[in-house]
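So the structure is just underneath, and the comments pick up after that.
Read the figures in this text as sums done on the coordinates, not as results from a lab. What you see is a predicted model; the values in this text were computed from it and never measured. For neighbour counting, all protein chains shown are included, and Cβ atoms are generated from backbone atoms with ideal geometry for every residue, glycine included.
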Amino acid sequence: MQYDHILVRYGELALKGKNRTQFEQTLVRNIRFALQGTPGAKVKRTFGRAIIELHGEPLDEVMEPLRHVFGISSFSPAMRASNDIEAIKETALQALLQHKGDTKTFKVNARRSYKPFPISSQDINPMIGSHILKNTEETTVDVHHPDVEINVEIREQGTYITCGRIEGAGGLPVGTAGSVMLMLSGGIDSPVAGYLSMKRGAELEAVHFHSPPYTNERARKKVEDLTKVLTTFGGSVKLHVVPFTELQKAIHSSIPSNYSMTIMRRMMLRITERIAADRGVLALANGESMGQVASQTLESMYTINEVTNMPILRPLVTMDKQEVVDISEKIGTYPISIRPYEDCCTIFLPSESVTKPRREKAVRFENTMDFQSYIEEAVENTEMITFGGESGETERDMDSLL
């Protein structure tokens with residue numbers, strides 16, 4: 001007898017009251033998306049659980065993508081038995097024998113949600129425990145600190161037996177909190193900000209500013225690879241690649257060098273807001289951490305934020321750099337982020353940037369150049385690339401934003 005099901009437990013969905021059904025439906029949709037590589041596996045939603053029927057698909061190949069699906073608290077390989085006590089006892093024994101971890105001590109925890117089943121949970125526990133003790137050697141019961149807990153869930157459609165739990169990604173299902181436009185630079189921080197935004201249920205789109213020939217195609221490929229990694233946590237992600245060369249050259253030639261970074265980031269926000277508004281996105285996100293670099297002081301954020309009315313999410317704002325690095329290593333973006341290819345923020349970099357820029361100065365400097373025409377041109381020529389569609393393919397198109 002082999003594990004033939006996976007029992008999926010929800011995370012914070014239990015707190016969502018009247019919206020719970022919508023959250024569960026979104027989670028099941030995301031699980032199905034994650035399991036495209038194992039088409040035989042079928043997902044069903046039941047009250048408080050999602051149940052995956054393997055239908056011959058390899059257990060490990062189905063479990064691996066589940067680790068990345070936000071909204072899952074935990075999941076367990078399961079065996080299904082008919083609602084017959086003898087079948088339940090024998091299946092529980094087989095589940096324990098198939099368990100890969102230590103099984104010297106165990107505890108049975110039965111839950112009878114199907115009330116017509118004639119035996120109470122309190123009576124089921126010792127019946128299963130006695131059957132296991134009779135059919136194993138050197139195995140004992142420990143109700144306080146067992147090596148493995150055998151969970152028995154008796155439902156109308158059958159009884160599901162699991163041994164142990166695998167921790168899920170937690171958070172909320174992607175798609176339950178609206179859409180966020182991530183400013184994706186290619187460094188360590190912004191992909192982590194995208195990941196954390198998705199963990200709170202946000203659907204993700206991304207904007208990248210590309211400045212050829214000063215930034216080469218390998219720098220762009222780096223950002224595309226980061227976007228692909230992010231799709232493993234929330235389905236498809238649209239990447240908007242903005243041609244930024246001409247506007248960046250104009251800033252370099254027209255703006256005092258110590259204010260050029262401030263003005264450049266104000267222009268980036270204006271463009272990102274335009275693209276977000278066209279896409280129906282309600283918030284922006286970036287990888288800023290308070291005080292980490294000159295452009296991320298409170299004074300800089302205050303001056304730069306002036307140009308947008310959209311909320312800007314900063315998931316990393318209170319994190320130390322090492323905390324961010326640890327997350328990037330965990331999610332698989334770190335090896336890509338440290339590839340030695342420059343992004344647009346590192347070219348024309350002034351020797352010294354103002355750390356406490358003033359809004360009135362930024363506005364005065366911007367009034368010396370006709371930046372609006374550059375913004376229009378950049379937005380009009382933005383390329384949109386969709387990663388991780390239903391087939392997992394990449395689609396490229398030009399945005400029609402004007």
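Any idea which of F371, T231, L284 is furthest toward the positive side of the dipole for the chain, if Lys and Arg beta-carbons carry +1 and Asp and Glu beta-carbons -1?
L284
Check cross-link reach from K249 to the aspartates and glutamates: straight Cα distance under 17 Å, and skip same-chain residues fewer than eight apart.
Answer for K249, where 17 Å is the Cα cut-off: E342, D343, E366, D370, E376, E377, listed by chain and number.
For region 244-281 and region 296-343, what is the centre-to-centre distance using only Cα atoms, to the nearest Å?
Each part reduced to its Cα centre gives a spacing of 17 Å.
Greater than 24 Å separation of Cα atoms is the criterion. Which listed pairs, K199/K238; K321/K361; K199/K330; K221/K356, meet it?
Pairs exceeding the cut-off: K321/K361; K221/K356.
Roughly how big is region 215-333's charge dipole about its Cα centre, with Cβ charges of +1 (Lys, Arg) and -1 (Asp, Glu), in debye to the nearest 20?
Approximately 380 debye in magnitude.
With charges set only on the Cβ (+1 for Lys and Arg, -1 for Asp and Glu), what does the dipole of the chain come to about its Cα centre, in debye to the nearest 20?
Dipole about the Cα centre, nearest 20: 920 debye.
How large is log10 of I(q)/I(0) for region 179-387 at q = 0.15, 0.16, 0.17 Å⁻¹ when the intensity is taken from the Debye formula with one equal scatterer per alpha-carbon?
-0.92, -1.07, -1.23
Which Cα, out of G129, T139, P58, lies furthest along the positive dipole direction of the chain (beta carbon charges, K/R +1, D/E -1)?
With unit charges placed on the Cβ atoms, the residue in question is G129.
Provide the packing ranking of 278-288, 214-224, i.e. peptides ordered by the mean count of other C-beta atoms within 10 Å per residue, highest first.
Listed from highest to lowest mean packing, they are 278-288, 214-224.
Gap in Å between the Cα centre of region 49-118 and the Cα centre of region 156-218?
Computed from Cα coordinates, the inter-centre distance equals 28 Å.
Of G17, G171, G291, which has the largest mean-square fluctuation in a 10 Å C-alpha GNM of the chain?
G17
Under a point-charge model restricted to the Cβ atoms of Lys and Arg (+1) and Asp and Glu (-1), what is the dipole moment magnitude of region 179-387 relative to its Cα centre, in debye to the nearest 20?
240
Can you tell which of P315, P213, P191 shows the greatest fluctuation in a Gaussian network model of the chain with Cα springs below 10 Å?
P213
Over the chain, with a Gaussian network built from C-alpha contacts below 10 Å, which listed residue (E149, E64, E137) shows the highest mean-square fluctuation?
Ranking E149, E64, E137 by mean-square fluctuation puts E137 first.
Nearest 500 deg cm²/dmol is fine: what mean residue ellipticity at 222 nm does the chain get from its DSSP H runs of n ≥ 4 alone, each adding -39,500 (n - 2.57), divided by its residue count?
Computed mean residue ellipticity for the chain: -11500 deg cm²/dmol.
Taking just the alpha carbons, could you work out the radius of gyration and Dmax for region 88-177, both in angstroms?
15.0, 51
Just for region 5-167, what percent of DSSP beta bridges are antiparallel, to the closest 5?
75
Which percent, to the nearest 5, of DSSP beta bridges fully inside region 179-387 are antiparallel?
25
Compute and list, largest first, the equivalent-ellipsoid semi-axes of region 5-167 from the alpha carbon gyration tensor, each √(5λ) rounded to a whole angstrom.
With the √(5λ) rule applied to region 5-167, the semi-axes are 28, 18, 15 Å.
Looking at the chain, send over the antiparallel percent of its DSSP beta bridges, to the nearest 5.
60
For E61 and N216, FRET efficiency with R0 = 30 Å and r from the beta-carbon atoms, rounded to 0.05?
It comes out at approximately 0.20.
Pop the C-beta distance of K42 and A87 into the FRET formula with R0 = 25 Å and round what comes out to the nearest 0.05.
0.65
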